[in-house]
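The values are calculated or read from the model by the stated rules, or taken from the named source; none is laboratory data. Everything numeric in this text was worked out from a predicted model, so none of it was measured. Heads up, the Cβs are rebuilt from the backbone with ideal geometry, glycines too, and the neighbour counts pull from every protein chain shown. The accessibility values were calculated without ligands, DNA or RNA, using every heavy atom of the protein model including side chains. Shrake-Rupley method; radii C 1.70, N 1.55, O 1.52, S 1.80 Å.
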Amino acid sequence: MNPKMQRIIRNPSFLLLLLCLLEFSGHFPVEAAIKKYTFDIQVKNISRLCHAKPVVTVNGMFPGPTIYAREGDRVIVNVTNHAQYNMSIHWHGLKQYRNGWADGPAYITQCPIQTGHSYVYDFNVTGQRGTLWWHAHILWLRATVYGAIVIMPKPGQPFPFPQPHLETNIIFGEWWNGDIETLVNQANSLGSPPPTSDAHTINGKPGPLFPCSEKHTFALEVEAGKTYLLRIVNAALNDELFFGIAGHNMTVVEIDAVYIKPFTTKAILLGPGQTTNVLVKANRPPNRYFMAARPFMDAPVSIDNKTVTAILQYKGVPNTVLPIFPNLPAPNDTAFALNYNNKLRSLNTVNFPANVPLRIDRRLFYTIGLGMNPCPSCVNGTKLVASLNNVTFVMPKTALLQAHYFNMSGVFRTDFPDRPPKPFNFTGAPLTANLGTSIGTRLSRVEFNTTIELILQDTNLLTVESHPFHLHGYNFFVVGSGIGNFDPKKDPAKFNLVDPPERNTVGVPTGGWTAIRFRADNPGVWFMHCHLEVHTMWGLKMAFVVENGNTPENSVLPPPKDLPPC
Ligand code: C2O
């Protein structure tokens, strides 16, 4: 070989190119790659339901771009903020081991990215594969700033279910005709909830049951006999949603990027924050079939009964054919919801074990409460608030992770109570009395590697309601759930410690409780909150500060140089 050729071959960039080519050709599995993305936060005029308005977007797209990665990859997203609002992006469901700096909730793990500034989110995708999503984690900006994250298994590792012919994302969202931040500010000055959205959307489109929506309908073309994988994300702000496809069953194979034991169903249920992968076989007569989603609401509050539709269209069927509508569960079908959630079981195989903590170091019991506080400046003299164990969380002015890492005092306290200050009949008659709710930036301090059991108990303070709870930095096992008050004597005997579902967001049933378990092996400050934006805003949130372990490998990584200042 001539010397010039030898130099080319020894050149590292040539070798890299060769490796990439081999990976693409499927001959040589490259363990990890770097996936780079650029997110430009910019305002764009978007029109839906006969209204056009400027909205905050990523790269002018609504919904934003999908992040594709493979298990083991490193993902680098350079976010530059050109909008008038402060911004931060959360990678919902990514565990961010030791790396809370890339988690994203504003004032929890980072100060927001100010207008004209940039921040690089740099993280590894380790031990996870499936569908997750990303969203703005400040104010209500996630109404338009969200997108899917698709994590493929490592090369050579097939799905533990039949390989689909094609896959597509189905992302539920909510659309307001007005400017969302203006609507929220107006509601807060009145002390009342912001108006419900004007439409739900699928992939940003409300579908033909809403006005001016002919052009704004998502359609999936299918070929008879083929199987499709739908990666479904509930990015709605305040609604749990049922979803179904006319005439077709769905086989649920994954929730929150964790494989489950497959089961077949006519409808699925997702709380805000949750993701679900289903297989759909195009095995019906060629036609056009509606895919539809509408809220599940079994609390005694007003039902938002709007239905968003998209179309599953068999190849060759003309667009003039009227689509068939699915049979969705009734909006208040509690039995369907409980039964559906009971069917979710971890795979629990050698390759995908369910490592449920069996010995518990620390037991926590948190009550979920709504309430009304005096508010002299509000229209009716009161404002709605929410609390966990009677604490309404107050957002700090400095990011908590920085305060923790740099030992800054006065930013937060670590006395968040492990149980409610005064026990009461949590789910008895409606309570309107002021329970002496306190406010504060109070965190729960957890020693590294502690095993935790947390009971989330709904209460009838003002009203019972279902609450989708999300924990950052971890997956947890949902070991039990029930209606009424949790009974520490009887209920633990019924826990599923063998194959409980593992997820990052779980619905606490209306007037009921949910028990979750996890091992606190990820040091840092991790937010936990109701994923109904209206409740998060009212204070239904707290954070765990998980201490470092005793080696550098078990400690929070140093912060990146470009971490935004407050
Ligand atoms: Cu999907 Cu703290 O959020």
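Can you tell me which residues in the stretch 100-118 are open to solvent by 10 Å² or more (accessible area, probe 1.4 Å) and either within 14 Å of the ligand (Cβ to nearest atom) or under 22 Å from PHE544 (Cβ atoms) (or both)? Before the answer, list the steps.
Here is the first cut: in the stretch 100-118, the ones open to solvent by 10 Å² or more (accessible area, probe 1.4 Å) are 107, 114-118.
The answer is TYR107, and nothing else.
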Identify, from the list GLY473, GLY524, the residue that is crowded, with 22+ Cβ neighbours inside 10 Å, within 13 Å of the ligand (Cβ to nearest atom) and over 30 Å from GLY191 (Cα atoms). GLY473
Starting from the stretch 119-141, keep only residues that are closer than 27 Å to VAL253 by Cα and more than 10 Å from the ligand (Cβ to nearest atom), then list their pairs with residues that are in a strand (DSSP E or B) and of a type in the set (Gly, Ala, Ser) whose Cβ atoms are within a distance under 6 Å, requiring at least 6 positions of separation or different chains. VAL125/ALA69
Go through (1) under 19 Å from PRO420 (Cα atoms); (2) out of contact with any strand residue (DSSP E or B) (no Cβ under 9 Å at 6 or more places or on another chain) one by one and return the number of the condition PRO558 breaks. (1)
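Yes or no: ILE41 of a type in the set (A, V, I, L, M) and either touching a His at 6+ places or on another chain (Cβ under 8 Å) or not in a strand (DSSP E or B) (or both)? Even if it seems obvious, please write down each step before you answer.
Working: of a type in the set (A, V, I, L, M): yes; either touching a His at 6+ places or on another chain (Cβ under 8 Å) or not in a strand (DSSP E or B) (or both): yes.
It is true that ILE41 is of a type in the set (A, V, I, L, M) and either touching a His at 6+ places or on another chain (Cβ under 8 Å) or not in a strand (DSSP E or B) (or both).
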Being within 16 Å of the ligand (Cβ to nearest atom), touching a residue at least 60 places away in the same chain (Cβ under 8 Å) and not aromatic (Phe, Trp, Tyr) is the requirement here; does GLY173 meet it? yes
Would the stretch 542-553 turn up any residue that is within 16 Å of the ligand (Cβ to nearest atom), under 21 Å from GLY371 (Cα atoms) and either among the hydroxyl-bearing types (Ser, Thr, Tyr) or in contact (Cβ under 8 Å) with a residue 60 or more places away in the chain (or both)? yes
Take the residues in the stretch 484-508 that are open to solvent by less than 50 Å² (accessible area, probe 1.4 Å) and among the small types (Gly, Ala, Ser), then tell me which one is nearest to the ligand (Cβ to nearest atom). GLY507
First in the stretch 78-100 and at negative phi and of a type in the set (Phe, Trp, Tyr), second anywhere and buried (at least 21 other Cβ atoms within 10 Å of the Cβ) and in a strand (DSSP E or B), Cβ under 6 Å, 6 or more apart: TRP91/TRP134
If we keep only residues of the stretch 67-88 that are farther than 28 Å from PRO155 by Cα and under 18 Å from the mean Cα position of the chain (by Cα), then the residue nearest to the ligand (Cβ to nearest atom) is SER88
Can you find a residue in the stretch 290-298 that is closer than 20 Å to VAL478 by Cβ and either surrounded by fewer than 23 Cβ atoms within 10 Å (Cβ to Cβ) or not aromatic (Phe, Trp, Tyr) (or both)? yes
Condition check: within 16 Å of the ligand (Cβ to nearest atom), modelled with pLDDT of 95 or more and open to solvent by 10 Å² or more (accessible area, probe 1.4 Å). Does GLU533 satisfy that? yes
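Mind listing whichever residues of the stretch 44-78 are in a strand (DSSP E or B) and not hydrophobic (A, V, I, L, M, F, W, C)? So that I can check it myself, show each step before the final result.
Let us first name the residues in the stretch 44-78 that are in a strand (DSSP E or B), namely 44-48, 51-58, 61, 67-70, 74-78.
Selection gives LYS44, ASN45, SER47, ARG48, HIS51, LYS53, PRO54, THR57, TYR68, ARG70, ARG74, ASN78.
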